[in-house]
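First up is the structure itself, then whatever we jot down about it.
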């Protein structure tokens, strides 16, 4: 782990995980043709790791890293993969400098003793196939041939494949191509939905059944918090943060390093050392409130009700919950409608299931804290007779839950 020796701000703080990257590369080489599929919730540092650790490790090992974010092209993820490979191929075959362009320009005429002779164009390869499936196959071959290197293909948010039209066909194509070229390409997938990854990789009959090695991406540990605390002491020489309190807060926010950094930065701005007080002020910050309230206001009334109940720790599909919502004026709720609202919130990545099963929870724990403090609907007592405020929560900001736009 090489930390930034020139750290001057909180934003300069980063953790490098070279040993973990080397371990993944070794695991890929040990089983050619079998990718690694890493699960971790959103915003815990997967993409940061791919870009800052795995890609440099691949380069150091004489390999070529290629990254594609499938979340950006959920309706056509194969196009996103092909685009990433084409960009990499262009970087290798298309010169960027004037000298390089001149060297690549074919000479059509050459003068010999006052006479000129015409030469035909240099032979070129046939165009890449238009069919995206054949194009993927051809791109891997050409890129490996042009570079003379093995490819490390990093597919971020790979569960998006399951949401594509003709998903089984697309996933089957990717599996077939990666197996065909197992000597040329090693693949590492990441996903933020354990349920969807499991459905893709571990369900008998699925196109990628037993194809990838399913692993949990490890969270950052105490060493990251120690760096935050150390920089806090540099900014405030006479103050210090309690490491145990930081650890509790890091767990509370779901081990999300950027979010934890924002919290400590906010505490530093006011010279606060009490983590609970820092959280209270962060939840009340008008910029955060505007973002959370804007997200909430865009939801449909039943989605709002589900989000608030989940923020209070209530299972949205429990019979007592659906019965209470069915009696609420303005919602016109039924159990199927609640289920549909849950599905929409999950697709929007607002709602998620815990890593090892259990009840639903909101992806952003601080958004959940905000909702739990602002909204306490009157029917909450029907589904949970004893209501206790979440630990470390600030006092109530309001008590009316909107039921209509």
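The values are calculated or read from the model by the stated rules, or taken from the named source; none is laboratory data. Owing to the predicted nature of the structure, the values given are computational and were not obtained by experimental measurement. Glycine also receives a Cβ, built like all others from the backbone with ideal geometry; neighbour counts cover every protein chain displayed.
Residue by residue, here is whether (1) outside any helix (DSSP H, G or I); (2) under 21 Å from residue 369 (Cβ atoms) holds:
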position	(1), (2)
223	no, no
228	no, yes
246	no, yes
250	no, yes
254	yes, yes
Q | One residue from 19, 58, 37 being outside the structural domain of residue 352 (by TED's automatic domain parsing) and either out of contact with any helix residue (DSSP H, G or I) (no Cβ under 8 Å at 6 or more places or on another chain) or free of Cβ contacts under 8 Å to residues at least 24 places away in the same chain (or both) | A | 19
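Can you find, within segment 261-277, the residue that is surrounded by the fewest Cβ atoms within 10 Å (Cβ to Cβ) among those that are part of a helix (DSSP H, G or I) and without any contact (Cβ under 8 Å) to a residue 24 or more places away in the chain? Talk me through it step by step, then tell me what you get.
Going residue by residue through segment 261-277, those that are part of a helix (DSSP H, G or I) are 261-270, 275-277.
If we keep only those that are without any contact (Cβ under 8 Å) to a residue 24 or more places away in the chain as well, we get 262-263, 266, 269-270, 277.
Values: 262: 18, 263: 23, 266: 16, 269: 11, 270: 9, 277: 14.
The extreme case among them is 270.
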Q) When you go through 368, 352 one by one, which is the residue that is in contact with a strand residue (DSSP E or B) (Cβ under 8 Å, 6 or more places away or on another chain), at pLDDT 85 or above and within 20 Å of residue 278 (Cβ to Cβ)? A) 368
Q. Among all residue pairs at least 6 apart or on different chains, which show Cβ distances below 6 Å where the first residue, located in segment 173-189, is more than 13 Å from residue 139 (Cβ to Cβ) and the second is in a helix (DSSP H, G or I)?
A. 186/28; 187/178; 189/158
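Looking at segment 316-352, which of its residues are part of a loop (DSSP other than H, G, I, E, B) and touching a helix residue (DSSP H, G or I) at 6+ places or on another chain (Cβ under 6 Å)? Please lay out each step first, then the result.
Start the filter on segment 316-352 by keeping residues that are part of a loop (DSSP other than H, G, I, E, B), which leaves 316-318, 327-334, 348-350.
Within segment 316-352, 316, 331, 333 meet the criteria.
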**Q.** Residue list for segment 42-67, restricted to those being buried (at least 18 other Cβ atoms within 10 Å of the Cβ), at pLDDT below 95 and more than 16 Å from residue 20 (Cβ to Cβ)
**A.** 43
**Q.** Residue that is surrounded by the most Cβ atoms within 10 Å (Cβ to Cβ) [pool: residues in segment 133-178 that are modelled with pLDDT under 95 and assigned to a loop (DSSP other than H, G, I, E, B)]
**A.** 157
**Q.** Checklist (1) free of Cβ contacts under 8 Å to residues at least 12 places away in the same chain; (2) within 30 Å of residue 329 (Cβ to Cβ); (3) touching a helix residue (DSSP H, G or I) at 6+ places or on another chain (Cβ under 9 Å) applied to residue 296, failing item
**A.** (1)
